[in-house]
1. Which count do you get for residues in the range 398-418 that are in contact with a helix residue (DSSP H, G or I) (Cβ under 9 Å, 6 or more places away or on another chain) and part of a strand (DSSP E or B)?
2. Specify the residue that is farthest from ligand 2 (Cβ to nearest atom); the eligible residues are those in the range 109-120 that are free of Cβ contacts under 8 Å to residues at least 24 places away in the same chain and surrounded by fewer than 15 Cβ atoms within 10 Å (Cβ to Cβ).
3. Just to be sure I understand, how many residues within the range 231-252 are crowded, with 17+ Cβ neighbours inside 10 Å and outside any loop (DSSP other than H, G, I, E, B)?
4. Check Pro211, Pro255 and return the single one that is surrounded by fewer than 17 Cβ atoms within 10 Å (Cβ to Cβ), modelled with pLDDT of 95 or more and assigned by TED's automatic domain parsing to the domain that holds Thr180.
5. Considering each residue of the range 272-295, count those that are out of contact with any Gly (no Cβ under 7 Å at 6 or more places or on another chain), away from ligand 1 (no atom under 16 Å from the Cβ) and outside any helix (DSSP H, G or I), and give that number.
6. Of everything in the range 131-151, what is farther than 23 Å from Tyr176 by Cα and away from ligand 2 (no atom under 16 Å from the Cβ)? Give them in sequence order.
7. Please go through the range 87-108 and give me each residue that is within 13 Å of ligand 2 (Cβ to nearest atom) and either charged (D, E, K, R) or on the phi > 0 side of the Ramachandran plot (or both), ordered by number.
8. Looking only at the range 53-107, how many residues end up being within 30 Å of Ala444 (Cα to Cα), within 16 Å of ligand 1 (Cβ to nearest atom) and among the β-branched types (Val, Ile, Thr)?
Amino acid sequence: PAPPRMALRKTVFVGPVIQCKSLSELDICLHGAIGVDENGKIAWVTRKQPAGLEKEWQEARWIYLGENEFFFPGFIDTHIHASQYPNAGVFGKSTLMDWLDTYTFPLESSFADLSVARRVYSRVVARTLSHGTTTAAYYATTHVPATNLLADICAARGQRALVGRVCMDRLSPPTYRDETPSASLAATKSCIAHIRALDPTSSLITPIITPRFAPSCTAETLSALGALAQQENLPTQTHISENASEIALVRELFPSHASYAAVYDAHGLLTPRSILAHAIHLSAEERALIKARGAKVSHCPASNAALTSGRLRTRQLLDEGIDVGLGTDVSGGYTASVLAEAREAVLCSRHVAMEGDETAKLAVEEGLWLATRGGARVVGLEGRVGGFEVGMEWDAQLVRLGGVGEDGELGDEEEGLVEVFGGESWEDKVAKWVYTGDDRNTVAVWVKGRLVHQRRGFGKVRIVE
Ligand code: GUN
Ligand code: FE
């Protein structure tokens, strides 16, 4: 069972506060202050040094930022395979279907051993928190005990998570698959029960129903999972339209359905609570169907490039009114960092632009919007996380950029690679963070008001819990 949540101290966070106001606009408030209550909720926000506060807030803990530091909403990873983390960066020249057989199924099947699961899941949760990921939509494996352990680890470390037991009853090796649709359903229910007992109000951890993708599930399993999602009022996640061979296979396996998206729709897996990863090669009809159903898209640009799956036309989806967030898709994606993924999204959009569609180009602000507000919509947490407004929960990261000394020499590099010479606008500093930053710049991370990561070994961290 998860340790009981310790009572929090009321805290006032003072300093530059940066968040996304709209898809293309940052809100940069240089002298902000935010009061966070004992429940981790934002009680008040001011755009100037706070004055005339009631006694209870004067006596709260106050955290002041230094130069080149700012608060930013925690990142939301809308698609990550926790079990695949040991393979990050290991994919050679494979493409989706042979990558699954060569790299992925052998690794995932090793999670039958709980000691493997404990080591990998502890690391992936610690690492994603260090990257500022305050919410993650995880795929585990088919193993019930290991999936439950992932939920336990998220709860113990305080990461907000959607945890999904992978369902598949065909296509993978016989030793790594559900034997029957009813076994798939029963195992899924068992994980749901475990996660609900762990966090009965879903304050941080929620089960998510996870048919791997249409090729690896029989129609019976897809239908059972769609019905379960409806009965239990739960979100679902799967993959769609990632790769040409995969799409051809779906056509072969489900010949009576008009399209890949139509397969999910027919099985109750295309709803406002459905997260669809990749969605690269959708037809106009499929996009219209996804829009009509209110299903969401997880854009995974690092993975899409690494496995040469294709380039998502993010602008087109956004213009059509489809909600989009970012997914690292570890380990199709080589990075567990949503900041890196935002950079990949921006660069992917520029590759689309170079093919002739200038309007496709995403700005840094748009990458950050996808990483925060967009992601919040995708995982069903809009209004709770992704920004700093009264009533929302304090899921945040403290970002510190590095200065450059007068002599210009390389110093101890304790702040990481983002180099601020002085005189840069805050917009420029944010752009430098997106293009040249990494987890060394994320010095502290909070989820629902609780400090869940603090950078160790370097620098002066001024926060004392
Ligand atoms: N399609 C089915 N399974 C997977 C997976 O594990 N990763 C990716 N990227 N695509 C998939
Ligand atoms: Fe994936």
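1. 3
2. Ser115
3. Qualifying residue count, the range 231-252: 9.
4. Working: Pro211 fails: surrounded by fewer than 17 Cβ atoms within 10 Å (Cβ to Cβ).
Checking each option against the conditions leaves just Pro255.
5. First pass over the range 272-295, keeping only residues out of contact with any Gly (no Cβ under 7 Å at 6 or more places or on another chain): 274-276, 278-279, 282-290, 292-295.
With the extra rule that they be away from ligand 1 (no atom under 16 Å from the Cβ), the set shrinks to 283-290, 292-295.
From what is left, the residues that are outside any helix (DSSP H, G or I) are 283, 294-295.
Adding up the residues that qualify gives 3.
6. His131, Gly132, Thr134, Thr135 - these are the residues of the range 131-151 that are farther than 23 Å from Tyr176 by Cα and away from ligand 2 (no atom under 16 Å from the Cβ).
7. Within the range 87-108, just Glu108 meets the criteria.
8. So the answer is 3.
The values are calculated or read from the model by the stated rules, or taken from the named source; none is laboratory data. Because the structure is predicted, anything quoted here is derived from the model rather than measured. Cβ: placed from backbone, ideal geometry, glycine included. Neighbour counts: every protein chain shown.
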